[in-house]
Amino acid sequence: MVGIGPGEIGHMSLRARKAIEECQVIVGYNTYIKLLGDLIYNKEIKSFGMTEEIKRAEYAIGRARNGKRVCVISSGDPGVYGMAGLILELLKKNDPNELKIEIIPGVIAAAACASLLGAPLMHDFAVISLSDLLTDLELIERRVESAAKADFVVVLYNPKSARRVIPFQKACDIMLKYRSLNTPVGIVRNAYRDDQEVTVTTLKDLPSFKKINMATTIIIGNSKTYVKHGCIITPRGYNLKQKKGSGRE
């Protein structure tokens with residue numbers, strides 16, 4: 001299982017790139033395979049659409065059992081909302097030592113988007129997916145509320161799609177109960193891809209922001225987060241007034 005990071009090949013790890021170059025079969029979601037560019041040359045390619053994760057995993061396992069060296073591609077990291085868990089669950093039904101498995105990490109969306117916004121994740125944060133395809137909306141709401149009450153910086157994945165808008169609306173309502181209207185918010189769409197868009201706004205304006213889809217990551221600051229020179233900053237807690245040379249980690 002290979003994490004390819006946010007999309008631009010330059011942000012892929014050397015180990016991930018080597019694994020793709022050495023494999024015989026590449027399996028993944030259509031969009032992610034296209035991001036690999038020339039790395040897919042002379043490979044057997046099997047692409048699947050959204051919501052076909054089980055078929056994707058079963059196909060990859062089948063090709064590996066036939067003796068092929070297979071790479072299953074995930075954007076970001078395969079162990080963070082990726083394919084690693086599903087494949088391990090399917091393998092668990094049989095001999096777990098049947099196949100040689102390697103999970104190669106990648107840069108997750110939260111980290112990639114944070115780098116484009118400044119330093120919003122310098123203190124504790126919670127990552128929550130708003131997709132209710134596999135998680136009940138009631139549970140998503142409880143998690144958003146718990147993170148908001150605890151003053152975590154909150155990172156929202158999969159905020160909304162053309163047909164799925166209610167989880168986003170509810171998340172905004174919950175955050176507005178616990179955070180100032182002027183809380184800094186970063187919105188990144190298609191991070192490190194050709195059509196990348198980066199916006200710094202406030203929690204007050206988040207509910208009405210139009211350009212939000214499944215390729216968008218939203219970072220909502222905590223009570224200490226502020227904006228300086230266009231960068232969102234969440235202080236780690238260092239005493240910047242202390243004498244030079246007296247700082248501690």
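Quick notes
- Applying the criterion of being farther than 11 Å from residue 26 by Cβ and small (Gly, Ala, Ser) to the residues of region 40-68, the residue that is surrounded by the fewest Cβ atoms within 10 Å (Cβ to Cβ) is 67.
- Condition met for residue 172 (surrounded by 14 or more Cβ atoms within 10 Å (Cβ to Cβ) and either farther than 21 Å from residue 147 by Cα or in contact with a strand residue (DSSP E or B) (Cβ under 7 Å, 6 or more places away or on another chain) (or both)): no
- Strands (runs of 3 or more DSSP E) wholly inside region 1-82 that include at least 1 residues being in contact with a Leu (Cβ under 8 Å, 6 or more places away or on another chain): 25-29, 70-74
- Evaluation of residue 71 against (1) surrounded by 16 or more Cβ atoms within 10 Å (Cβ to Cβ); (2) without any contact (Cβ under 8 Å) to a residue 60 or more places away in the chain (one fails), failing number: (2)
Okay, residues lined up against (1) in contact with a helix residue (DSSP H, G or I) (Cβ under 7 Å, 6 or more places away or on another chain); (2) in the same structural domain as residue 198 (by TED's automatic domain parsing); (3) of a type in the set (Ser, Thr, Tyr):
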residue	(1), (2), (3)
77	no, no, no
102	no, no, no
117	no, yes, no
121	yes, yes, no
125	no, yes, no
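- The requirement of being more than 30 Å from residue 60 (Cβ to Cβ), aliphatic (A, V, I, L, M) and touching a residue at least 24 places away in the same chain (Cβ under 8 Å) is satisfied by residue 137.
- Residue count for region 116-168 satisfying the condition of being more than 13 Å from the chain's Cα centre (by Cα) and either outside any loop (DSSP other than H, G, I, E, B) or of a type in the set (S, T, N, Q) (or both): 24.
- Taking region 69-96 as the range and being farther than 11 Å from residue 25 by Cβ and basic (Lys, Arg) as the test, the residues that pass are 92, 93.
- Restricting 188, 153 to residues that are crowded, with 20+ Cβ neighbours inside 10 Å, in contact (Cβ under 8 Å) with a residue 24 or more places away in the chain, aliphatic (A, V, I, L, M) and under 11 Å from residue 215 (Cβ atoms) narrows the list to 188.
- Residue match in region 204-218 (condition: over 18 Å from residue 118 (Cβ atoms) and β-branched (Val, Ile, Thr)): yes
Rundown of residues vs (1) surrounded by 13 or more Cβ atoms within 10 Å (Cβ to Cβ); (2) modelled with pLDDT of 95 or more; (3) not basic (Lys, Arg); (4) not assigned by TED's automatic domain parsing to the domain that holds residue 185, yes/no style:
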position: 204; (1), (2), (3), (4): yes, yes, no, no
position: 211; (1), (2), (3), (4): no, no, no, no
position: 217; (1), (2), (3), (4): yes, yes, yes, no
position: 221; (1), (2), (3), (4): yes, yes, yes, no
position: 226; (1), (2), (3), (4): yes, yes, yes, no
position: 238; (1), (2), (3), (4): no, no, yes, yes
position: 241; (1), (2), (3), (4): no, no, no, yes
position: 244; (1), (2), (3), (4): no, no, no, yes
position: 249; (1), (2), (3), (4): no, no, yes, yes
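- Any hit, region 186-208, residues being more than 21 Å from residue 124 (Cα to Cα), assigned to a helix (DSSP H, G or I) and of a type in the set (Val, Ile, Thr): no
The values are calculated or read from the model by the stated rules, or taken from the named source; none is laboratory data. Predicted model, so just to flag it, every value in this text is computed and none were measured. Ideal geometry is used to build each Cβ from the backbone, glycine not excepted, and the neighbour counts take in all protein chains shown.
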